[in-house]
Amino acid sequence: MIIIKSDEEIKKIALASRIVAEALKRLGGMIGPGVSTKEIEEFVEDVITKMGGAPAFKGYRGYPSILCASINSEVVHGIPSKKRVLKEGDIISIDVGVIYKGFIGDGAKTYPVGKIGATARKLIDVTENSLYEGIKMAMPGKRVFDISFAIQNYVEKNGFSIVRNFVGHGVGKDLHEEPQVPNYGTPNKGPRLRKGMVLAIEPMVNAGRHEVAILDDGWTAVTVDGMLSAHFEHTVAITDDKPAILTTVE
Ligand code: MF3
Ligand code: CO
């Protein structure tokens, strides 16, 4: 069942999402060569706590951290560690969830570490743009797979591939609610979108093949061909007209 949120509930999701956005924005200033993913975790935990929120990922199905930090060929769910230190030319995807007054916001962004290569730059740009192509479809009257198709179409047109094993999702009191929002699909299919639905839309895009494997830690998803992967995510509310992106700092 897809839960329709009231305006009051959407305000709470917006407050949680604002904290996510603030953390992701401030990370832009601290990510660089020599920084460990553990330091990133501590930095974000501090932002979340100071803004009155609580982490939404820690303990979710046993996940051990407040965020996911996925470097280069890691797609999603990389676990922060003192031993993972960023170096010039890396790309890193950070995924954060915050709970505030009982409601969750979910967002992700891929950052360059210092100067990066042309393919890495293009991968980041195409992934971020594909998210906005999907968000454009988040309107009443459209269907879930209109979002999916818009993302897939944009990504494949640009020569990259869409990860199938992980999908976007409804978000609210729970991190993962219905509907699932795949990043690939047939237009004009799937559940109809209505005002009051809140979706976490999150394309994961690979530079090479779309297949992923899970490492022995049981979490970290990596590309099977060892090529780069990027991830962007916004929490978006369906309104009467334009989609409302909630994971923003304004
Ligand atoms: N944004 C991701 C998702 O929606 C993050 C979940 S990580 C987990 O699936 F650890 F909480 F599972
Ligand atoms: Co998500």
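In table form, for the structure just shown:
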{"item": "With at most 15 other Cβ atoms within 10 Å, longest stretch of the chain clear of loop trypsin sites (Lys or Arg not before Pro) (DSSP)", "result": "1-57"}
{"item": "Sequence-distant residues sharing a close amide H with VAL236 (under 5 Å, placed H)", "result": "LEU199, ALA200, ILE201, LEU246"}
{"item": "Around HIS210: net Lys/Arg minus Asp/Glu count, Cβ-Cβ under 11 Å", "result": "-1"}
{"item": "Distant-in-sequence amide H partners of ARG143 (H built 1.01 Å from N, under 5 Å)", "result": "ASN188, LEU193"}
{"item": "The stretch 57-191, Cα convex hull volume normalised per residue, Å³", "result": "122"}
{"item": "Qualifying aspartates and glutamates (Cα of each under 14 Å from Cα of LYS122; at least 8 residues distant if same chain)", "result": "ASP90, GLU156"}
{"item": "Contact order normalised by residue count of the stretch 113-244, Cα under 8 Å, 6+ apart, percent", "result": "30"}
{"item": "Extension reserve of the ILE2-GLN180 stretch, reckoned as 0.36 nm per residue once the Cα distance is removed", "result": "63.1 nm"}
{"item": "Gain upon complete extension [ASP240, THR119; 0.36 nm per residue less C-alpha separation]", "result": "39.7 nm"}
{"item": "Cross-link pairs beyond the 32 Å C-alpha cut-off, checked among LYS11/LYS189; LYS87/LYS142; LYS25/LYS87; LYS5/LYS50", "result": "LYS87/LYS142"}
{"item": "The chain, dipole about Cα centre (Lys/Arg Cβ +1, Asp/Glu Cβ -1), debye to the nearest 20", "result": "280"}
{"item": "Carbon/sulfur fraction of accessible area - the stretch 7-245, other protein chains in place, 1.4 Å, %", "result": "51"}
{"item": "Distance (nanometres) between label positions extended 7 Å along Cα→Cβ at VAL85 and GLU250", "result": "4.1"}
{"item": "Value of Rg to Rh for the chain (Rh from inverse mean 1/r over Cα pairs, i.e. Kirkwood)", "result": "0.94"}
{"item": "Diffusion constant of the stretch 14-80 at 10 °C, which comes from Stokes-Einstein with the Kirkwood Cα-pair radius and 1.306 mPa s, µm²/s", "result": "127"}
{"item": "Per residue solvent-accessible surface (Å²) - the stretch 6-78, probe of 1.4 Å", "result": "43"}
{"item": "Helix-only CD estimate at 222 nm, as mean residue ellipticity for the chain, using -39500 (n - 2.57) per DSSP H run (n ≥ 4)", "result": "-9000 deg cm²/dmol"}
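The values are calculated or read from the model by the stated rules, or taken from the named source; none is laboratory data. Model, not experiment: these values are computed from the prediction. Quick reminder, even Gly has a Cβ in these numbers, built from the backbone with ideal geometry, and neighbours come from all protein chains shown. Surface accessibility is based on the protein's heavy atoms, side chains included, excluding ligands, DNA and RNA. Shrake-Rupley method; radii C 1.70, N 1.55, O 1.52, S 1.80 Å.
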